[in-house]
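Scroll down for the structure; my scribbles are underneath it.
The values are calculated or read from the model by the stated rules, or taken from the named source; none is laboratory data. Bear in mind that the values here come from a model prediction, so they are computed numbers and not experimental data. Cβ coordinates were reconstructed from backbone atoms using ideal geometry, including for glycine residues, and neighbour counts include every protein chain displayed. We work out accessible area using only protein heavy atoms, side chains counted, and drop any ligands, DNA or RNA first. Shrake-Rupley method; radii C 1.70, N 1.55, O 1.52, S 1.80 Å.
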Amino acid sequence: MTPMGIFGILFLLLALYCGKDPFKRSAISGFPDFEAYKVDMPSWELVPTVRDKDNLLQKSEIKFLNQVQGPESMAFDPLGRGPYTGVADGRVLFWDGEKWKDFAYTSSNRSELCNPKPSPLSYLPNEHICGRPLGLRFDKNTGDLYIADAYLGLFMVGLEGGLATSLLTEAEGMPLRFTNDLDIDDEGNIYFTDSSSKYQRRNFMQLILSAENSGRLLKYNPHTKETTVLMRNLQFPNGVSLSRDGSFLVFCEGGPGRLLKYWLKGEKAGTSEVFAILPGFPDNVRTNKDGEFWVAIHCRRSMYSHILGLYPKLRKFILKLPISTKILLKVKLHAIVVKYSPEGKLLQVLEDSEGKVVKAVSEVEERDGKLWLGSVVMSFVAVYNLA
């Protein structure tokens, strides 16, 4: 047989294997209805290439090592106390200046299923039972803390803490399956993201791999109890943050790796536009006192990920190979934080490209000349001094 004939047979066998997945070893074997969708990728030429050649995030101070598991969001109350952070076992913790204290929780189930485990990812199987607080925001007028729980929806708890009050679990008859982040305007309206109507947080990797577009941006009015869907058909919407003057908000769309602007006031109210193309795939976004936006990025784009985003059939074929997701996607987590002006201009890039000190970052909170860096997959908080 000729070499081409042998190659043809091998290719046919590989295609047959990927089509049947007989040993159920692929990244999507547990998801028989999995479908891959085209990602609305920007032109490769538009992707920022600016790098932090000095790896300045390696100068960060690691705080609370092994005292917090997966501290996604960093929040300070109106009196300046904190930080407060949601962790993997379902609690919201408060740093009182000397030690961490239990402050609040979203699930009344605090059984042994929620007991300490070796790593943040160890909690995934029971997160829907114990709760998983992600985005945290204080209402500056009332002092109440609002919580986006990935599985249980929107919650509110007063300054006394304790079991949070459920505010919302569905919108337009559709359950909130992956409530992710939120922000609050001066009138108390809550703007938040529901990352997917199909996949929950414990299946976040399948959401990333599929790039399905059932995500939503929503508004909840706590006074009228009315919920409005502002945008639909989003590919993994995540962090959300209001502009300093409240005329618009920006939010991260993880699939395409971009910031979108949604106008709340003025002639453009109710419309959206691309605010910035990001150098990688984002998590949360936060506004500083100057009205600039800090964005946390899990990893940089590559031409490989760009091509897989554009060609869903190729992506699904590769995902059916009996190889781990980490190897298939060639993902190397390393912290990147970027700052944008209120007009969407890239102002600053800070990173730890080798992941030596800060391997991953989910949120950046600027406070008193420092950046507080939370991460949903790390067991510490990193603090970077901007001075």
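Name every residue in the range 52-99 that is under 22 Å from the mean Cα position of the chain (by Cα) and loosely packed, with under 15 Cβ neighbours inside 10 Å, in order of residue number. Listed by number, the residues that qualify are 62, 65, 66. Selection of the range 290-339 for residues being among the basic types (Lys, Arg) and open to solvent by 60 Å² or more (accessible area, probe 1.4 Å) yields 313, 326, 330, 332.
Do we have any residue at all in the range 344-353 that's among the acidic types (Asp, Glu) and modelled with pLDDT of 95 or more? The answer is yes, given that some residue of the range 344-353 is among the acidic types (Asp, Glu) and modelled with pLDDT of 95 or more.
Mind listing just one residue for me: the one in the range 232-284 that is basic (Lys, Arg) and part of a strand (DSSP E or B) and, of those, most open to solvent (accessible area, probe 1.4 Å)?
Selected residue: 232.
Within the range 90-109, does at least one residue satisfy the condition of being more than 25 Å from residue 189 (Cβ to Cβ), touching a residue at least 12 places away in the same chain (Cβ under 8 Å), touching an Asp or Glu at 6+ places or on another chain (Cβ under 9 Å) and of a type in the set (D, E, K, R)? Yes, the conditions are met somewhere in the range 90-109. Of all residue pairs spaced 6 or more apart or on separate chains, those with beta-carbon atoms under 6 Å, a first member in the range 290-319 that is under 22 Å from residue 52 (Cα atoms) and a second member that is open to solvent by less than 20 Å² (accessible area, probe 1.4 Å) and among the charged types (D, E, K, R) are 294/286; 296/283; 296/363.
Within the range 314-333, if we keep just the residues that are at pLDDT below 80, in a loop (DSSP other than H, G, I, E, B) and not β-branched (Val, Ile, Thr), the residue that is farthest from the chain's Cα centre (by Cα) turns out to be 324.
Determine, yes or no, whether residue 356 is touching a residue at least 24 places away in the same chain (Cβ under 8 Å), more than 19 Å from the chain's Cα centre (by Cα), surrounded by fewer than 14 Cβ atoms within 10 Å (Cβ to Cβ) and in a loop (DSSP other than H, G, I, E, B). So residue 356 fits the description; yes.
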